[in-house]
Every structure is written in C-alpha cells, then in structure tokens.
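Structure first, then comments.
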Amino acid sequence: MQLEHYNDSVQENHRQAREDARALGAFEAWIDGGSRAAASGETFDTRDPVVDDPILSVPRCDEADVNAAVEAAWDAYDGEWGQTTPEERSRTLQEWVSVLRDHLDELALLESLDTGKPLAYAEGEVTKGLDFIEYYANICRAEGGKQIAAANDAHIYTRREPYGVVGCVTPWNYPLVLTSWKIGPALAAGNVVVLKPAEQSPLTALRIAELSAGILPDGVFNVVPGFGDEAGASVTGHPDVRKVSFTGEDVTGEAVMSAAAENITPVTLELGGKSPFVVFPDADVEQAAETVAGSITYNTGQSCDACSRAIVHEDVRDEFVERLVEEVESHTIGDPLAEDTTFGPLVSQAQYDKVNSYLELGVDEGATLATGGGSVDGEGLDDGWFVEPAVFVDAENDMRIAQEEIFGPVETVVTFSTYEEAIELANDVPFGLAAGVATENGSLAHRAAADIDAGSIWVNKYYGRTVTGSPFGGFKRSGMGRECARDTLTSYTQEKTVHVPIEQDPTL
C-alpha cells in the first residue's frame with residue numbers, strides 16, 4: 001500500500017486503509033502456532049488516532065490465555081526448538097525475516113494506522129526492526145562458551161544455555177522496532193517467547209506472528225494482546241516464565257520488577273527518560289537547534305530517548321531559541337497517509353489529555369510558551385488527537401515540565417552559565433537514558449560525555465534510536481540491562497560451568 005493509493009479526503013483515506021488492514025489477517029491471539037480468540041471471548045478495539053474510529057477488534061487476553069501460551073512455549077522448547085543448533089536457528093530466523101520483508105508495505109500500513117505516524121516513517125521503522133532480527137540471526141552462529149585454564153588436573157569449560165520461556169512486554173510508540181529488540185535476541189539464543197504488545201498498537205505483532213506460520217515451530221512465538229493489568233501482569237508474574245523483558249514507563253517498571261522478584265526472575269527494563277541536550281557556547285547553534293527540534297518532533301515526541309530538555313549556554317540562548325522555534329514550526333502537520341506530512345497525531349485521547357495537561361502546567365509554573373501547544377486546524381483532522389509541537393523557555397530545571405517524562409512534542413529550554421552548572425542540570429533528574437552534547441571542542445565533548453549520567457551520549461548529532469550492535473539502556477530510573485548489542489544475546493542465556501577431572505595414568 002503506497003502513499004499514492006490514498007489520494008482522497010482524510011476520512012475516505014482512513015476508511016479505505018482500515019478496510020485494507022482488515023483484509024490482511026485474522027488478528028487474533030497467536031498461541032501454539034495458530035490464531036485463536038481469547039478464552040473469555042472478550043475483545044477490544046484498536047483505534048485510528050487520526051479519525052478516532054476503530055481499526056478492528058482483537059482478543060482481550062487474560063491469565064487463562066497467558067497460561068495456554070506459556071504451556072505451548074514450554075512444549076516447543078522441550079521439543080523441536082530446544083534441540084536446534086545456532087546455525088539452524090539462524091537459518092530459520094533469516095527465512096522469517098525474508099518473508100516479513102516481502103510484507104513490508106502492509107506492516108508499515110498497520111504501524112501507521114495503529115500509532116498515527118506518517119506512513120513513510122513507519123516503513124523506515126519496520127525496515128529497521130527487521131534489521132535487528134536479522135542481526136541476531138547472524139551473530140548467534142558465533143556465540144558459545146569458553147575454556148578456563150584453571151588447573152592441570154581438570155578440564156573446565158562453560159556453556160551458554162537459554163532460559164526457556166521469555167516473557168516480553170512492549171510499548172506502543174515503536175511497536176515493531178521494540179518488539180524486534182526483544183524477540184530477536186531471545187529467539188536467536190534458543191529461547192521461546194510469549195509477547196504482550198501494547199493494547200494501543202498490537203497489529204504488527206499479531207501480523208508477524210501469522211507470518212511465522214510454517215517457519216517457526218508451533219509454540220516458539222506466541223502473542224497475547226490485552227491490557228497491562230490482565231495479560232501483561234500475567235506474563236511478568238508467571239512462575240514458569242524464566243526471563244522478563246519490559247519497555248515502558250518507570251512506575252509500571254517497578255510493578256514488573258516486583259512481580260518478577262517473587263519468582264526470582266531476571267529482568268531487562270527500559271523505562272524512559274528526560275534526556276538533556278547541552279549546547280555549549282562554541283556549538284554550531286543552527287545544527288543544534290535543528291537536532292533538538294528533530295528529536296522532540298519525531299514520532300510526535302513519543303520517544304523514550306527524545307531530548308526534551310535543551311540546556312543552553314546564556315551566550316547563545318537567544319539565537320538557539322529563535323532557530324529552534326523556526327525548526328519546530330516548519331513541520332507539516334496532517335494526515336499520516338498524505339505524502340507531505342511530517343507530523344501526525346498523538347496515539348490516543350489519553351496521551352492527548354496528558355500532553356495538554358503539561359502544556360497548562362508549564363504556563364502555571366511560570367515558563368513562557370514560545371510556540372505551539374494549540375489545537376490543529378485542518379480539513380478532516382478535527383476528530384484526531386493532534387497538538388502543535390511546543391517550546392517552553394524561561395524554565396527552571398525543578399519545574400515539573402523539566403523533570404517528568406511528558407512523552408509528547410514539548411521541549412523545555414533551561415539556561416546555564418558554567419560547565420559545572422550544565423552538568424549539574426543535566427544530571428538533576430531521576431532518569432538517565434540518553435543525552436546530547438553540542439560543541440566544536442573534542443576534549444569538551446569527551447569530558448561532558450563522561451560526566452553526564454546516561455546510557456547513551458550523542459555528540460552534535462542526536463541520532464536517537466540506536467543502530468544494530470550499539471548498546472541501548474539507561475542509568476537510574478531509566479532501567480537496567482542493555483538492548484540492541486551483541487552482549488544482549490548473552491543476557492538471554494545463562495552460564496553453566498562444567499568441571500571434568502583429568503586423571504593421570506600411572507602406567508605411562
């Protein structure tokens with residue numbers, strides 16, 4: 001489904017797109033290699049945030065469905081999948097990725113409809129997600145244990161063995177990318193997976209599961225759509241789930257960690273951030289403003305690593321703000337199915353209400369709204385969850401708009417005068433997922449990168465989403481563990497040490 005396929009009014013485009021989506025698959029829970037309804041028979045709607053109409057209904061899974069998925073996963077692990085070699089898993093995952101690439105257009109459409117992101121952006125993200133699965137399919141061939149030269153009378157070596165059933169819970173902002181970050185290494189390492197996708201955006205996860213039929217053995221990959229307190233809690237607290245990986249906000253992360261702790265289940269947590277971008281006085285101000293604007297507006301600001309706090313030296317503050325406002329205002333807000341759209345709606349009414357509450361809060365706290373924050377006028381857009389990207393200036397770092405993750409297109413500009421103050425401001429939040437530094441001084445860039453408490457630091461260009469092989473994860477309340485890297489594969493295995501005595505033959 002290319003963009004030229006949708007060339008009518010917003011309402012007609014989305015009516016047609018929803019019909020196209022419904023024709024693609026069953027979109028039921030995927031358990032033990034087949035589609036099925038929830039045991040309760042309950043369903044819920046996933047909605048199009050552009051026009052606020054239902055796309056389609058999916059099963060509302062709960063504990064009974066999770067139990068069935070976990071049982072099917074263990075059967076697969078104890079059976080065919082548990083006997084595969086890394087080479088065999090690599091070939092199987094490569095075959096699956098090839099099929100998924102053949103369905104790239106439809107996966108991008110589902111992603112765009114579910115989240116409201118421009119269709120062209122969704123296509124790029126789906127491509128990136130498949131790259132991550134392929135990456136782990138490639139590197140798993142080289143993984144193995146090691147020999148330990150500890151004694152002359154013993155042969156000591158280690159084995160890397162999968163956990164078994166891995167429970168994954170993913171958010172709605174980058175559905176397929178973040179799913180691939182988890183299932184790629186989990187499956188490549190030899191585990192089996194039970195995935196609970198976000199209720200706002202379950203469609204791509206369900207579709208890639210359907211497209212695994214005949215490739216992945218039954219039960220290897222299971223998807224249970226539903227709500228967090230029903231399906232999600234059942235996955236993360238299940239006594240037969242041996243490893244949990246969760247991406248979401250920090251309060252829910254606490255609950256996930258607590259539930260996993262009852263079973264002593266290891267967890268990987270990525271829990272969002274309030275990332276700073278520090279602009280030093282020698283920086284290329286135009287480039288810095290363009291970078292910050294791109295970060296806070298991409299995906300409508302709904303990114304855990306968006307640099308939502310610009311910490312700017314007083315000498316370049318005015319120029320930076322002027323250019324930042326120009327960049328933010330340059331976006332074309334509109335229908336994600338339109339070719340020129342660069343900025344779509346927020347994902348849901350709940351997110352729309354949350355962002356607007358912070359816009360009101362920022363003004364009440366005494367910050368100045370330099371641009372944006374209003375509703376969006378446009379033909380056919382009245383029913384969608386659109387909000388103009390906003391920039392707050394004259395802000396203090398202790399304001400809630402500078403401390404709390406808004407998860408929307410809201411940038412806060414804070415001013416500093418000394419290096420020490422800049423680092424103090426950058427670190428003075430509960431989070432530490434990512435950060436950026438703008439300077440032409442290489443030594444200063446390295447110094448700041450060392451002093452800022454964050455899992456990823458970008459210099460001058462703020463790339464945001466990481467590349468394959470590059471570790472991604474946070475400090476402090478931003479979580480624990482690293483994704484996207486080679487070592488991530490190891491984190492989905494446990495190490496076993498084998499000691500074999502070497503007897504001396506007295507007859508020789």
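What the table below lists for this structure:
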read-out: Modelled FRET efficiency - R0 35 Å, Thr43 with Lys146, Cβ distances, 0.05 increments; value: 0.10
read-out: Order of exposure, largest accessible area first, which applies to His331, His5 with probe 1.4 Å; value: His5, His331
read-out: Accessible area of the range 246-323 belonging to carbon and sulfur atoms, whole % at 1.4 Å probe; value: 48 percent
read-out: Whole-number percent relative contact order across the range 104-181, with pairs defined as alpha carbons under 8 Å at least 6 apart; value: 33 percent
read-out: Reduced Cα scattering model of the range 442-508, Debye log10 I(q)/I(0), q = 0.12 Å⁻¹; value: -0.51
read-out: Residue (of Gly344, Ile423, Asn356) at the positive-pole extreme of the range 320-447, dipole from beta-carbon charges; value: Ile423
read-out: Neighbour-limited loop hits for trypsin sites (Lys or Arg not before Pro), the range 70-117 (at most 13 other Cβ within 10 Å; DSSP other than H, G, I, E, B); value: none
read-out: Taking the range 161-211 and dividing mean pair separation by its residue count, relative contact order in percent (alpha carbons under 8 Å, at least six apart); value: 47 percent
read-out: Sequence of Tyr135, Tyr174, Tyr157 from largest to smallest accessible area, 1.4 Å probe; value: Tyr157, Tyr135, Tyr174
read-out: Counting DSSP beta bridges with both ends in the chain, the antiparallel % (nearest 5); value: 45 percent
read-out: Pairwise label distance in nanometres, Lys496 with Tyr419, each label 7 Å out on the Cα-Cβ vector; value: 5.2 nm
read-out: Which of Gln403, Ala205, Gly273, positive extreme of dipole for the chain (C-beta unit charges); value: Ala205
read-out: Rg over Rh, two decimals, the range 351-447 (C-alpha only, Kirkwood Rh); value: 1.05
read-out: Karplus 3J(HN,Hα) series, Hz, for the range 205-220 with 6.51 cos²θ - 1.76 cosθ + 1.60 (x for Gly, Pro); value: 4, 5, 6, 5, 5, 4, 7, 8, 4, x, 10, 7, x, 3, x, 5
read-out: Spread of Cα-to-Cα distances over 5 Å intervals beginning at zero, given as percent, for the range 13-126; value: 2, 10, 14, 16, 17, 17, 13, 7, 2, 0
read-out: Residue among Ala283, Pro171, Gly301 farthest towards the positive dipole end of the chain, charges placed on Cβ; value: Pro171
read-out: Heavy-atom accessible area per residue - the chain, 1.4 Å, Å²; value: 39 Å²
read-out: Mean residue ellipticity (222 nm) of the chain, computed from DSSP H runs ≥ 4 via -39,500 (n - 2.57), nearest 500; value: -11500 deg cm²/dmol
read-out: Loop GluC sites (Glu not before Pro), the range 12-78 (other Cβ atoms within 10 Å of the site Cβ: 15 or fewer; DSSP); value: Glu42
read-out: Cα coordinate range in the range 377-508, projected on the principal axes (Å, largest first); value: 92, 46, 27
read-out: Modelled FRET efficiency - R0 30 Å, Ser258 with Asn67, Cβ distances, 0.05 increments; value: 0.90
read-out: Within the range 363-508: Cβ-based charge dipole about Cα centre, in debye rounded to nearest 20 (Lys, Arg +1; Asp, Glu -1); value: 800 debye
read-out: For the chain: relative contact order, % (alpha-carbon pairs under 8 angstrom, 6 or more apart); value: 18 percent
read-out: Loop GluC sites (Glu not before Pro), the range 469-507, which have at most 14 other Cβ atoms in a 10 Å radius of their Cβ (DSSP); value: Glu503
read-out: Inter-site label distance for Val467 and Ala350 at 7 Å from Cα along Cβ, in nm; value: 3.6 nm
read-out: Fraction of accessible area attributable to carbon and sulfur, the range 372-430 (%, probe 1.4 Å); value: 40 percent
read-out: Square roots of 5 times each gyration tensor eigenvalue, C-alpha, the range 235-369, largest first, Å; value: 35, 19, 15
read-out: Nearest-20 debye value, the range 1-156 charge dipole, Cβ charges on Lys, Arg, Asp, Glu; value: 400 debye
read-out: Share of Cα-Cα pairs in the range 267-307 lying beyond 12 Å, as whole percent; value: 64 percent
read-out: Quarter of the Cα convex hull surface for the range 72-226, i.e. its orientation-mean projected area (nm²); value: 9.8 nm²
read-out: Given charges at beta-carbon only (K, R positive; D, E negative), |dipole| of the chain in Debye; value: 2020 debye
read-out: Cut-off 18 Å, label 7 Å out along Cα→Cβ of Glu396, residues of the range 353-370 by amide N; value: 361-369
read-out: Approximate spin-label separation Ala450-Thr85, in nm, with each point projected 7 Å along Cα-to-Cβ; value: 4.7 nm
read-out: Alpha-carbon Rg with Dmax, taken over the chain, Å; value: 24.0, 94
read-out: Nearest-0.05 FRET efficiency for Glu326 and Asp8, computed from C-beta distance (R0 30 Å); value: 0.35
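The values are calculated or read from the model by the stated rules, or taken from the named source; none is laboratory data. This one's a predicted model, so the numbers in the text were calculated from it and none came from an experiment. We place every Cβ from the backbone using ideal geometry, glycine too, and count neighbours over all the protein chains shown. To get the accessible areas, we keep the full protein, side chains included, count just its heavy atoms, and leave off ligands, DNA and RNA. Shrake-Rupley method; radii C 1.70, N 1.55, O 1.52, S 1.80 Å.
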